[in-house]
Amino acid sequence: MSSSINVKRLNSKDAGFREVLLSSLSLPMADDEAIDTAVVKILAAVKTKGDEAVLGFTKQFDRLDVAAVSDLEILRKDLEQAYKSLSAEQKNALDIAAQRVRAYHEKQKIEAGCHSWEYEEADGTRLGQKVTPLDRVGIYVPGGKAAYPSSVLMNAIPAKVAGVAEVIMVVPTPDGARNPLVLAAAYLAGVDRVFTIGGAQAVGALAYGTNTIPAVDKIVGPGNAYVAAAKRRVFGTVGIDMIAGPSEILVLCDGSSNPDWIAMDLFSQAEHDEQAQSILLCPDLAFIEQVQASINKLLSEMPRAKVIEASLTNRALLIQVKDMQEACEIANAIAAEHLEICALDPRKWADQIRHAGAIFMGNYTSESLGDYCAGPNHVLPTARTARFSSPLGVYDFIKRSSMIEVSEAGAQTLGAVASTLAHGEGLQAHARAAEMRLKK
């Protein structure tokens, strides 16, 4: 690893700035076709061969050789034992995080239109909406390079708050290595069943069902490129939350912050993987220089320094802007997953943000707090999809049915309207169905 790195610089005044910026946000797609080809074969095998295919792929990719898929299930009592085995410090941290995530999503359920409602018109016609939770949901929790108990909480708790009857969790455990924090989080979150499988084969098993693993209605949770490709392929057979790309952080800073704090916030996403992206927008050139110096000062202290260096070298940007107003305009074009506003008056600038997965306001609100324990969900839209999508929430685990009960009096008025429109569309049976209920 080099002793220092120079993060790519941009200036909003430069000719062609917007084009260079947008091209810097995209990722090369060279491997997509190969990944998709492999995923199609895996999904087809799981769909036709069920448990047999799941066992074969688990042996091939995770080096777990067992006789039956039931041997890959972790029982509820084992989840409880994992929780009890934690240190007091770990147990306390997990308890607090789970309580805060649950409290936030309970509030969200009340405020975000997640309840049934109905109203009655003057003629007795009643209209409304019936909200029901999904029956069964599958959550994918990454494993292998790292373990993510926080992902368990963020995916399972809102499902349970929504009223989902059964939550099935899949998590890869290469070479049989089980992370007790992940299992303890599953216990706290109320996960019903856990299978130690991963990859596209796990997605296929959840989507199509096998003799051992029940088919679900929706699959949520992040994973690698193979998991993302599999989720894209099974969409329609089941629902999915989103296609998650590499993690992103965008920091808007007026120069009033501690540059070490900003550098570490950029590191916090860069350490995820080499494709993660960290961007700073700031009008103060001297402060940008200070952040660059902090990056070089702090990098050698990081256990994942090689990953951070690769991410910052290939994907990070330090951008000088005219002012904070322009920073907000550029932020809306980027539509980042995580947006930090490190400024003296963060809410002033937050009011101007239209596109972001989550907005972290003020110098004391590090993005990492949102990842673990602030309360709001950390499953967020990436790759500019915050322009049209939202964080995972209780609303992702419910569905709405329209409720229509037309009175006899209402049928006279509405029937005439429907008849006219149906004849206009050339659908005579539609018209007749309405007309037959009209009084002669």
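The values are calculated or read from the model by the stated rules, or taken from the named source; none is laboratory data. All values derive from a computational prediction rather than experimental measurement. Cβ sites come from the backbone with ideal geometry, for glycine too, and all protein chains shown count toward neighbours.
Mind counting the residues in the range 53-69 that are surrounded by 14 or more Cβ atoms within 10 Å (Cβ to Cβ) and in a helix (DSSP H, G or I)?
Residues flagged as surrounded by 14 or more Cβ atoms within 10 Å (Cβ to Cβ) and in a helix (DSSP H, G or I) within the range 53-69 amount to 9.
Residues that are more than 27 Å from ALA93 (Cα to Cα) and among the aromatic types (Phe, Trp, Tyr): list the helices (runs of 4 or more DSSP H) wholly contained in the range 145-245 that include at least 1 such residues. Full working, then the answer.
Working: elements: 149-162, 180-189, 199-208, 225-234.
By residue number, 199-208, 225-234.
Find the residue count for the range 400-417, including only residues that are over 37 Å from the mean Cα position of the chain (by Cα), surrounded by fewer than 14 Cβ atoms within 10 Å (Cβ to Cβ) and more than 22 Å from GLN428 (Cβ to Cβ).
The initial filter retains those residues of the range 400-417 that are over 37 Å from the mean Cα position of the chain (by Cα), namely 405-417.
Then drop every residue that is not surrounded by fewer than 14 Cβ atoms within 10 Å (Cβ to Cβ), which leaves 405, 408, 416-417.
Narrowing the set further to residues that are more than 22 Å from GLN428 (Cβ to Cβ) leaves 405, 408.
Counting residues in the range 400-417 that are over 37 Å from the mean Cα position of the chain (by Cα), surrounded by fewer than 14 Cβ atoms within 10 Å (Cβ to Cβ) and more than 22 Å from GLN428 (Cβ to Cβ) gives 2.
Given the conditions (1) of a type outside the set (Val, Ile, Thr); (2) touching a helix residue (DSSP H, G or I) at 6+ places or on another chain (Cβ under 6 Å); (3) closer than 30 Å to GLN412 by Cβ, report the number of the one that GLY128 does not fulfil.
Every listed condition holds for GLY128 apart from (2).
Out of GLY362, GLY424, I need the residue that is small (Gly, Ala, Ser), outside the structural domain of ALA335 (by TED's automatic domain parsing) and surrounded by fewer than 18 Cβ atoms within 10 Å (Cβ to Cβ). Which one?
Numbers: GLY362 fails: outside the structural domain of ALA335 (by TED's automatic domain parsing).
Going through GLY362, GLY424 in turn, just one is small (Gly, Ala, Ser), outside the structural domain of ALA335 (by TED's automatic domain parsing) and surrounded by fewer than 18 Cβ atoms within 10 Å (Cβ to Cβ): GLY424.
Of everything in the range 352-399 that's over 24 Å from GLN277 (Cβ atoms) and part of a helix (DSSP H, G or I), which residue is nearest to the chain's Cα centre (by Cα)?
Of everything passing the filter in the range 352-399, ASP396 is nearest to the chain's Cα centre (by Cα).
Within the range 226-246, identify whether any single residue is among the charged types (D, E, K, R), closer than 24 Å to HIS355 by Cβ, in contact (Cβ under 8 Å) with a residue 24 or more places away in the chain and crowded, with 19+ Cβ neighbours inside 10 Å, and answer yes or no. Reasoning before the result, please.
So in the range 226-246, the residues among the charged types (D, E, K, R) come out as 231-233, 241.
Still in the list and also closer than 24 Å to HIS355 by Cβ: 231-232, 241.
Cutting the leftovers down to in contact (Cβ under 8 Å) with a residue 24 or more places away in the chain gives us 231, 241.
Filter again for crowded, with 19+ Cβ neighbours inside 10 Å, leaving 231, 241.
The answer is yes; a qualifying residue exists.
Just a yes or no: is a residue in the range 400-420 among the hydroxyl-bearing types (Ser, Thr, Tyr), at negative phi, in a loop (DSSP other than H, G, I, E, B) and in contact with a strand residue (DSSP E or B) (Cβ under 9 Å, 6 or more places away or on another chain)? Give the steps one after another, and end with the answer.
Taking the range 400-420 as the starting set, the residues that turn out to be among the hydroxyl-bearing types (Ser, Thr, Tyr) are 401-402, 407, 413, 419-420.
Filter once more, keeping what is at negative phi: 401-402, 407, 413, 419-420.
Going one step further and asking which of them are in a loop (DSSP other than H, G, I, E, B), we end up with 407.
Now narrow it down to the ones that are in contact with a strand residue (DSSP E or B) (Cβ under 9 Å, 6 or more places away or on another chain): 407.
Yes: the range 400-420 contains one or more residues that are among the hydroxyl-bearing types (Ser, Thr, Tyr), at negative phi, in a loop (DSSP other than H, G, I, E, B) and in contact with a strand residue (DSSP E or B) (Cβ under 9 Å, 6 or more places away or on another chain).
Identify, from the list LEU22, LEU94, LEU43, LEU79, the residue that is in contact with a strand residue (DSSP E or B) (Cβ under 7 Å, 6 or more places away or on another chain) and outside any loop (DSSP other than H, G, I, E, B). Give the steps one after another, and end with the answer.
Numbers: LEU22 fails: in contact with a strand residue (DSSP E or B) (Cβ under 7 Å, 6 or more places away or on another chain); LEU94 fails: in contact with a strand residue (DSSP E or B) (Cβ under 7 Å, 6 or more places away or on another chain); LEU43 fails: in contact with a strand residue (DSSP E or B) (Cβ under 7 Å, 6 or more places away or on another chain).
Of the residues listed, the single one that is in contact with a strand residue (DSSP E or B) (Cβ under 7 Å, 6 or more places away or on another chain) and outside any loop (DSSP other than H, G, I, E, B) is LEU79.
Can you name the number of the only condition in (1) under 20 Å from ILE157 (Cα atoms); (2) under 25 Å from the mean Cα position of the chain (by Cα); (3) assigned by TED's automatic domain parsing to the domain that holds ALA229 that LEU94 fails?
Condition (3) is where LEU94 drops out.
Restricted to the range 143-160, and to residues that are surrounded by 24 or more Cβ atoms within 10 Å (Cβ to Cβ) and touching a helix residue (DSSP H, G or I) at 6+ places or on another chain (Cβ under 6 Å), which residue is farthest from ILE398 (Cα to Cα)?
The qualifying residue farthest from ILE398 (Cα to Cα) is PRO149.
Please verify whether GLY124 is at pLDDT below 95, touching an Asp or Glu at 6+ places or on another chain (Cβ under 9 Å) and farther than 20 Å from VAL394 by Cα, treating the condition exactly as stated. If you could, list the steps in order and put the result at the bottom.
Details: at pLDDT below 95: no; touching an Asp or Glu at 6+ places or on another chain (Cβ under 9 Å): yes; farther than 20 Å from VAL394 by Cα: yes.
Answer is no for this residue.
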